[in-house]
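Below is one structure, written out as structure tokens; the observations come after it.
The values are calculated or read from the model by the stated rules, or taken from the named source; none is laboratory data. Just so you know, these numbers come straight off a predicted model, no measurement behind them. Don't worry about glycine lacking a Cβ; one is built from the backbone with ideal geometry, like all the others, and counts go over all protein chains shown. The protein model used for the area step is the full one, side chains on, heavy atoms only, and it has no ligands, DNA or RNA in it. Shrake-Rupley method; radii C 1.70, N 1.55, O 1.52, S 1.80 Å.
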Amino acid sequence: MSINTHNRREFLKLTASGVSATMLSSLINSSDASEIPKPTLHHPAKAKSVILLYMSGGFSHVDSFDPKPMLKTMHGKPMPGTIERTQFDAVGNILDTFWETRQYGKSGIKMTNMFPQMAEMVDDLAIVRSMTTNFSEHAQSNFFLHSGFPFLGYPSAGAWVAYGLGSSNKNLPPYIVLRTNSAGIPHGGVSLYGNGFLPAITGGSIFNLTDKNAVPNITPKMAKQEQRKALDLIKSLDRGFADRVAAENAIIDSTRNAETAFEMQQAVPELTDLTGETQAVQNAYGVNDKDPHMAQYARQCLMARRLVERGVRFIELSCSSPGIGAGGAANPWDQHGEIKKGHGAMAKQVDQPIAALLKDLKQRDLLKDTLVVFTGEFGRTPFAQGNGRDHNPYGYSLWLAGGGMKGGVTYGATDEFGYHVVEKKATVYDLWATVLHQLGIDHERLTFRYSGRDMRLTDVHGNVWKDIIA
């Protein structure tokens with residue numbers, strides 16, 4: 001096989017000058033189809049965009065959205081009944097919560113004051129208290145939550161949403177992951193945001209909000225007209241090259257990503273410039289807070305609202321780690337020790353920014369079209385591991401807001417210790433079936449033919465949570 005070296009040289013010159021497709025999704029396992037189909041909704045959509053607030057490491061539901069009085073009654077006593085195998089098999093006695101419980105909102109839902117400002121928004125939340133997962137290890141659970149499969153190679157939910165709905169803004173990718181230098185990638189790595197076998201352009205594009213340039217090489221070093229000529233040359237030569245090799249669609253996807261990157265050079269600097277936001281708005285989110293972790297998360301939340309305004313389909317946010325109780329960069333909520341201090345610091349990081357995001361979306365009449373999802377990969381045990389808690393995949397909580405969901409409601413229940421689900425067992429498949437439903441997509445009909453099978457985000461499972469849909 002021969003390769004046109006002129007084509008390669010021009011491509012390298014172009015990417016060095018600012019138009020780099022590598023900022024977008026990997027071409028590994030690129031699809032057999034190089035175009036995202038135009039969206040064909042299966043029923044009227046109630047949401048246009050999704051914001052995933054991912055609490056990597058697994059926050060404690062019994063210390064937040066699903067408080068249990070029995071933990072106080074039985075504090076310090078052995079856990080009754082059968083104890084499932086835990087991640088570290090260091091099972092202690094029952095541990096009471098360190099936070100106070102009370103009823104919030106007109107709905108009177110009981111929560112702790114771990115998230116005091118979020119709790120004040122409870123009448124906008126649909127809290128699912130019966131979530132389960134099939135895995136108790138971080139990487140497997142992260143992949144399972146993101147893709148419905150416990151290992152890499154399968155498209156992320158964000159990629160499926162991008163594939164199903166297409167892009168409504170040619171200047172920005174349809175799926176964007178926000179982070180900062182202090183926010184690590186969850187265990188499993190960037191493949192968590194991958195396109196798998198779907199078209200490469202559906203994969204998550206990472207925007208790092210720490211630096212002036214949120215995306216590497218976004219500032220061009222050559223004139224726009226020159227870039228346009230070079231890009232057209234690459235497209236022409238690569239079209240001929242693609243016709244002669246087996247990787248035709250990967251090459252076409254590459255040039256398409258380069259086109260998106262070219263448009264992003266204009267859109268991203270304007271997007272990330274917050275000078276147009278009032279000081280009151282920035283203060284509400286906490287963008288300039290003295291706590292650097294809170295400030296960076298606040299910037300992500302504000303950026304998420306700006307991305308929704310620009311029609312981005314799926315936005316995921318990332319937490320940073322205070323380094324307490326084994327909660328490292330990849331899994332900052334993972335407090336096996338010092339849970340009071342660690343969860344306290346993590347809650348402070350996200351509480352005000354998320355409450356401000358919900359209020360801001362609502363005030364701008366965007367919440368009704370935006371589905372916000374707050375979740376980790378699993379919950380935590382009612383019994384202690386030192387002065388922390390181990391992983392609990394048998395029952396945990398998440399919440400959804402906006403996008404046609406009811407507010408001030410709960411779904412399902414765990415037992416009196418918050419250990420196992422006892423009512424309306426919920427799964428990751430159900431979560432994504434519900435999210436897709438609100439976006440106007442039947443999860444059983446959003447398929448992609450791969451390796452002789454019609455693949456789905458929900459595999460062969462999934463039920464929509466109709467009880468909490470408005």
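Values for this structure:
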| read-out | value |
| --- | --- |
| Accessible surface of segment 67-178, 1.4 Å probe, proportion on carbon and sulfur as whole % | 50 |
| Surface accessible to a 1.4 Å probe, VAL190 within the full protein complex, Å² | 90 |
| Farthest toward positive dipole pole in segment 41-456 [+1 Lys/Arg, -1 Asp/Glu at C-beta], among SER191, ILE354, GLN282 | GLN282 |
| Ellipsoid semi-axes in whole angstrom, largest first, where each is sqrt(5λ) of the Cα gyration tensor of segment 94-172 | 33, 21, 10 |
| Euclidean distance between Cα centres, segment 144-166 to segment 384-416, Å | 22 |
| Sulfur and carbon atoms: percent of accessible area, segment 330-470 [1.4 Å] | 45 |
| ASN392 long-range amide H proximity, modeled H, under 5 Å | GLY379, ARG380, THR381 |
| DSSP-defined beta bridges in segment 41-456 - what % are antiparallel, rounded to 5 | 50 |
| Net charge, ALA126 excluded, C-beta distance under 11 Å - Lys, Arg +1, Asp, Glu -1 | -1 |
| For LEU95, solvent-accessible area (1.4 Å; no DNA, RNA or ligand), Å² | 20 |
| Nearest-20 debye value, segment 41-456 charge dipole, Cβ charges on Lys, Arg, Asp, Glu | 520 |
| Accessible area expressed per residue, segment 41-456, with surrounding protein chains retained (probe 1.4 Å, Å²) | 36 |
| Calculated FRET efficiency for the pair LYS424/LYS170, C-beta based, R₀ 41 Å, to 0.05 | 0.50 |
| Amide H contacts of ALA384 (H built 1.01 Å from N, under 5 Å, at least 5 apart or other chain) | GLY92, ASN93, ILE94, LEU95 |
| Exposure ranking of TYR104, TYR163 by accessible area [1.4 Å probe, largest first] | TYR163, TYR104 |
| Length added when fully stretched, GLU277-ASN208, from 0.36 nm per residue minus Cα-Cα | 22.9 nm |
| Within segment 316-470: Cβ-based charge dipole about Cα centre, in debye rounded to nearest 20 (Lys, Arg +1; Asp, Glu -1) | 240 |
| Amide hydrogen neighbours beyond the local backbone of MET55, cut-off 5 Å, H modeled | THR375, GLY376 |
| With all protein chains modelled, accessible area of LYS368 [1.4 Å, Å²] | 100 |
| Relative contact order for segment 41-456, counting Cα pairs under 8 Å that sit 6 or more residues apart, in percent | 31 |
